[in-house]
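Below is one structure; the comments refer to it alone.
Rule-based calculations on the coordinates, nothing more; no lab input. Computed from a prediction, not measured in an experiment: that's the story for all the values here. Heads up, the Cβs are rebuilt from the backbone with ideal geometry, glycines too, and the neighbour counts pull from every protein chain shown.
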Amino acid sequence: MKREKNVIIYGLKEETNEDPEASASKLFEKLGLKDVMIDDTWRLGKQQKSPKGPRPLLVKFVKGTDKKKVMKEKAKLKGEKIFINNDLSKEEQAIEKNLRERFKTMKATDKTLKMKMGIKKGIMTVYKEGKTVNTVRGTGMESRDF
C-alpha cells in the first residue's frame, strides 16, 4: 500500500545541489502534465564521487490518479534514456523479472505474441491477435491456456 502512489525515474540527469522535486516537475511538464501533485521526492542510494550515472529518483504523489497520469504519458519518453517505473518491492521485482523471462521464451517460439502484465497482481496475460491465449502467475506455479 505504501508504494502504490510512487514511481522511480531512472536516467534523469542529476545536478549538483539539485531540487529533486523541481527536476521531477520539469520532466512531468515535458510530458504535458502540469497539475500533478508531488508529496515528496528523493534520490536513491549514496552520492558517489565518480558516478556511473544519475541515481534513481523516487517520486511520491499525493494522489494515485496523478501516478496513473504519469504512467500513461511515459511513452512520450521513448527514444530517450529516461525510464519511469512502478516502485516495487524486491519480491515484486523478482516476480516481474521471472514473468519477462518467461515471455521472452514464449515469444522465441511465436513472434506474433503481444504482452500485457498486471504487476500488482503478479499476473502476466499473453495476447495473440487481440485475444487472450495464456495467463501466467509470477510465482511460476500456475499457467492457464485459453
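Do any chymotrypsin sites (Phe, Trp or Tyr not before Pro) in the stretch 59-118 lie in a DSSP loop with no more than 15 other beta carbon atoms within 10 Å, and if so, which?
Hits after loop and neighbour filter: nothing returned.
So for the pair residue 107, residue 16, with labels modelled 7 Å out along Cα→Cβ, what separation do we get in nm?
Placing both labels 7 Å beyond Cα along the Cβ direction yields 4.2 nm.
How about the stretch 57-91: which trypsin sites (Lys or Arg not before Pro) there lie in a loop by DSSP and see at most 13 other Cβ atoms within 10 Å?
Sites meeting the loop and neighbour criteria: 63, 78, 81.
When the distances between all Cα atoms of the stretch 6-86 are binned every 5 Å from zero, what whole-number percent does each bin get?
For the stretch 6-86, the pair-distance distribution reads 3, 15, 29, 27, 15, 7, 3, 0.
Filter the GluC sites (Glu not before Pro) in the stretch 14-123 to those in DSSP coil with at most 12 other Cβ atoms within 10 Å of their Cβ, and list the result.
Filter output for the stretch 14-123: 15, 80.
List the pair-distance distribution P(r) of the chain, using every Cα-Cα distance, as the percent of pairs falling in each 5 Å bin from 0 up to the bin containing the longest distance, rounded to whole percents.
The distribution over the chain is 2, 8, 16, 17, 16, 15, 12, 8, 4, 1, 0, given as percents.
What pairs in 26/60; 13/52; 34/67; 13/68; 69/107 have C-alpha atoms more than 18 Å from each other?
From 26/60; 13/52; 34/67; 13/68; 69/107, over 18 Å: 13/68; 69/107.
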